Amino acid sequence: MTKNNGRHDSIITFTSDFGTRDGYVGIVKGSISNINHDATIIDLAHEINPFDIRAGAWIIYNSYRFFPAGTIHLVVVDPKVGSSQRRILLTNGEHHFVGPDSGVFSLVLNTRGDWKAYEIKNEIFFLQDISSSFHARDIFGPVAAHLSLGIEPHKFGPEIDCQSLDITAYRPAAITSSKITGEVIYIDRFGNLITNIPNSAIPQAISSGWKLNVTNEIIDEISLTYSSVSEGVLLAFEGSHGFLEIAANQASAVKKLKASMGEPVVLC
């Protein structure tokens, strides 16, 4: 991670449910910069609804692959901060993730890769005074900063079995020869509903002439683009993120459908 000129300008992305009005995001970035002032810190999202682990899991999954190898991803959506919940460092050798074992890495762990996980325990990499309610500032941010300086992952704590990590924030769609049953796993600011039905399953639905049912609303076919339907009309299409998406042309699908996170979505 160290450049030949002696700089340590690794990329650290930062995702949280902190919002931007209270200064929490800036404080965490300050704790990082005090350790590595050359780090490039990129804000992915901070307007996640408080404690919405599933949204955090979706955002980091949908983002991390577009950053260069060596990037460190700091993700803090932590309803159980201060509890006995484990703090983890997850890596596949190219991308490194720092955050709570809250389920926020559920989708990342569902991707292919030789993942290794370490429980963050080595307090020499923490701030001196640890609060019970701001681990992003006192533990996760500093750990990400030290990682960006080239400290090896195993130095932060013992390796743990990835199978023991919390992946409850993501449930894969059930795919059979007669039906695909999924659910809404993210709702974006446009009111689009992103499901857990992979694009790879959509050709089966198209060839079988299946229709989509969500909140008892029927969508007759899978479209190619928003403009495939008239303004305000609902549609389903292959999302750029790899999963089936439900939208309304120049309107909000979530408002039209009165849907919510976890809403069942069926193709049959």
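How do Thr91, Thr176 rank when sorted from fewest to most other Cβ atoms within 10 Å of their own Cβ?
Details: Thr91 20, Thr176 9.
Ranking Thr91, Thr176 by Cβ neighbours within 10 Å, fewest first, gives Thr176, Thr91.
Enter the Cα centre distance for the pair region 171-194 and region 96-120, rounded to the nearest angstrom.
22
Using Cβ counts within 10 Å as a stand-in for footprinting exposure, how do Ser33, Ser131 rank, fewest first?
Ser131, Ser33
May I ask you to evaluate 6.51 cos²θ - 1.76 cosθ + 1.60, the Karplus curve with θ = phi - 60°, for each residue of region 230-247 and list the ³J(HN,Hα) values in order in whole Hz, giving x for glycine and proline?
Ordered by residue, 3J(HN,Hα) equals 6, 4, x, 8, 6, 8, 10, 7, 6, x, 5, 8, x, 10, 4, 10, 10, 9 Hz.
Calculated from DSSP H runs of 4 or more alone, at -39500 (n - 2.57) each and per residue, what is the 222 nm mean residue ellipticity of the chain, nearest 500?
Roughly -4500 deg cm²/dmol at 222 nm, from the helical runs in the chain.
Below 23 Å, Cα to Cα, which lysines can Lys29 reach? Residues fewer than 8 away in the same chain don't count.
Cross-link targets: Lys3, Lys80, Lys121, Lys155.
What shape does region 11-164 have by the C-alpha gyration tensor, where a ≥ b ≥ c are the square roots of the eigenvalues, rounded means a/c under 1.5, and otherwise prolate means a/b greater than b/c and oblate the rest?
rounded
If you filter region 206-268 for GluC sites (Glu not before Pro), then keep DSSP loop positions with at most 14 other Cβ within 10 Å, what is left?
Glu231
Only counting other Cβ atoms within 10 Å, I'd like Thr195, Thr111, Thr225 sorted with the fewest neighbours first.
Thr225, Thr111, Thr195
Could you tell me whether region 69-152 comes out rounded, prolate or oblate from its Cα gyration tensor? Rule is a ≥ b ≥ c as square roots of the eigenvalues, rounded for a/c under 1.5, then prolate if a/b exceeds b/c, otherwise oblate.
oblate
When the chain is treated as a GNM, springs tying every alpha-carbon pair under 10 Å, which of Ser252, Ser207, Ser148 comes out with the largest mean-square fluctuation?
Ser207
Sum up the charges of everything whose Cβ sits under 14 Å from the Cβ of Ala45, counting Lys and Arg as +1 and Asp and Glu as -1, but leave Ala45 out. Spell out each step's value before the answer.
On the way: positive: Arg54, Arg189; negative: Asp17, Asp43, Glu47, Asp52, Asp188.
Net charge in that neighbourhood comes out at -3.
With a ≥ b ≥ c taken as the square roots of the eigenvalues of the C-alpha gyration tensor of region 136-268, please select rounded if a/c is under 1.5 and otherwise prolate if a/b is larger than b/c or oblate if it is not?
Verdict is prolate for region 136-268.
If you add up the charges near Tyr24, with Lys and Arg at +1 and Asp and Glu at -1, over every other residue whose beta carbon is less than 11 angstrom from its beta carbon, what do you get?
Result for the neighbourhood of Tyr24: +1.
May I ask you to list the aspartates and glutamates whose Cα is less than 14 Å away from that of Lys256, ignoring any residue fewer than eight positions away on the same chain?
Those aspartates and glutamates meeting the cut-off are Glu217, Glu231.
Near Val214, within a Cβ-to-Cβ distance under 10 Å, what is the net charge of the other residues, with Lys and Arg +1 and Asp and Glu -1?
Once positives and negatives cancel, what remains is -3.
No value in this document is a laboratory result; all are computed from the given coordinates. Computed from a predicted model, the values in this text were never measured in an experiment. Reconstructed Cβ throughout: ideal geometry from the backbone, glycine too, with neighbour counts over all protein chains shown.
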